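K.L.:
So that we are looking at the same thing, I have put the structure below in structure tokens.
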């Protein structure tokens, strides 16, 4: 097994692939007024599909769940089957950087904690043509909550230099020609309850089994660091949900 295999083994069974919960998905969805009765929704970077299934329940429409990993595609299909909404689910296994859809295909484009794989500005620019005029784009994105974060937090986010203030993100979407509808910051509990707490449990479960395997130990160390930095610095950063309209 290589490092990515251990990463998937550790993170791939978590309830969610990042911060969030169903209540926050509902909150963002309810900010989009005037949707058709059965909207067509693209969920980019769907992961295990908790928000995908919630969108299927909320919308009564079709959700196209897109993810690079076959393990995630399999999980979202199982989740939809368990919820009895599999008949309205479509899946696409592809790198989001390579996605290509016809113009004005979707009523809603959704991405929880995943648009950073493309980049916030580049990602919003890329998907704008996919959504119908008057349609919505809703994404959650990493933001600074304070202007003077500690060095530990800055170092942690160094690999994603596009992290910025909420105001900066609003400037980006305005510059791309979107109408800002609303936004809100995710609470600390959305990081811990369905993401970091289960992740810490998985780290403990695998510590002894993976002992002495450099690739596996590196993945465990990164997970411990991620949890630790958030525990110390959660007042300085979070995700914010941005709801916008083309």
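The values are calculated or read from the model by the stated rules, or taken from the named source; none is laboratory data. Keep in mind that what you see is a predicted model, and the values were worked out from it rather than measured. In this analysis, Cβ positions are derived from the backbone assuming ideal geometry, glycine residues included, and neighbour counts consider all displayed protein chains.
K.L.:
Name every residue in the stretch 87-111 that is buried (at least 16 other Cβ atoms within 10 Å of the Cβ) and either farther than 12 Å from residue 67 by Cβ or free of Cβ contacts under 8 Å to residues at least 24 places away in the same chain (or both), in order of residue number.
P.N.:
88, 89, 101, 106, 107, 108, 109, 110 - these are the residues of the stretch 87-111 that are buried (at least 16 other Cβ atoms within 10 Å of the Cβ) and either farther than 12 Å from residue 67 by Cβ or free of Cβ contacts under 8 Å to residues at least 24 places away in the same chain (or both).
K.L.:
Could I ask something else about it? For the stretch 137-160, name all the residues that are outside any strand (DSSP E or B) and surrounded by 15 or more Cβ atoms within 10 Å (Cβ to Cβ). Quick ask: steps written out before the conclusion?
P.N.:
Residues of the stretch 137-160 that are outside any strand (DSSP E or B), as a first pass: 145-160.
Listed by number, the residues that qualify are 145, 149, 153, 154, 156, 157.
K.L.:
Here's something else I'd like to know. When you check residue 14 against the structure, is it within 30 Å of residue 208 (Cα to Cα), in a loop (DSSP other than H, G, I, E, B) and touching a residue at least 60 places away in the same chain (Cβ under 8 Å), yes or no?
P.N.:
Values: within 30 Å of residue 208 (Cα to Cα): yes; in a loop (DSSP other than H, G, I, E, B): yes; touching a residue at least 60 places away in the same chain (Cβ under 8 Å): yes.
In short, yes.
K.L.:
Residue 26 is checked against (1) crowded, with 21+ Cβ neighbours inside 10 Å; (2) closer than 28 Å to residue 189 by Cα; (3) modelled with pLDDT of 95 or more and fails just one. What number does that condition carry?
P.N.:
(1)
Conditions (1) surrounded by fewer than 16 Cβ atoms within 10 Å (Cβ to Cβ); (2) at pLDDT below 95; (3) not in a helix (DSSP H, G or I), marked per residue:
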{"residue": "192", "(1), (2), (3)": "no, no, no"}
{"residue": "201", "(1), (2), (3)": "yes, no, no"}
{"residue": "204", "(1), (2), (3)": "yes, no, no"}
{"residue": "225", "(1), (2), (3)": "yes, no, no"}
{"residue": "229", "(1), (2), (3)": "no, no, no"}
{"residue": "238", "(1), (2), (3)": "no, no, yes"}
{"residue": "244", "(1), (2), (3)": "no, no, yes"}
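K.L.:
In the stretch 207-222, what residues are part of a helix (DSSP H, G or I) and crowded, with 19+ Cβ neighbours inside 10 Å? Show your work before the answer.
P.N.:
Applying the first criterion (part of a helix (DSSP H, G or I)) to the stretch 207-222 yields 214-222.
Residues satisfying the conditions are 216, 219, 220.
K.L.:
Next question. Hey, does the stretch 209-216 have a residue that's over 20 Å from the mean Cα position of the chain (by Cα) and over 28 Å from residue 8 (Cβ atoms)?
P.N.:
The initial filter retains those residues of the stretch 209-216 that are over 20 Å from the mean Cα position of the chain (by Cα), namely 209-216.
Subsequent filtering for residues that are over 28 Å from residue 8 (Cβ atoms) retains none.
No, there is no match, as no residue in the stretch 209-216 is over 20 Å from the mean Cα position of the chain (by Cα) and over 28 Å from residue 8 (Cβ atoms).
K.L.:
Hey, does the stretch 1-11 have a residue that's surrounded by 16 or more Cβ atoms within 10 Å (Cβ to Cβ), in contact (Cβ under 8 Å) with a residue 40 or more places away in the chain and assigned to a loop (DSSP other than H, G, I, E, B)?
P.N.:
no
K.L.:
Any residue at all in the stretch 161-180 that's more than 30 Å from residue 37 (Cα to Cα), in contact with a strand residue (DSSP E or B) (Cβ under 8 Å, 6 or more places away or on another chain) and assigned to a strand (DSSP E or B)?
P.N.:
yes
K.L.:
What number of residues in the stretch 17-41 are without any contact (Cβ under 8 Å) to a residue 12 or more places away in the chain and part of a helix (DSSP H, G or I)?
P.N.:
Matching residues across the stretch 17-41 total 1.
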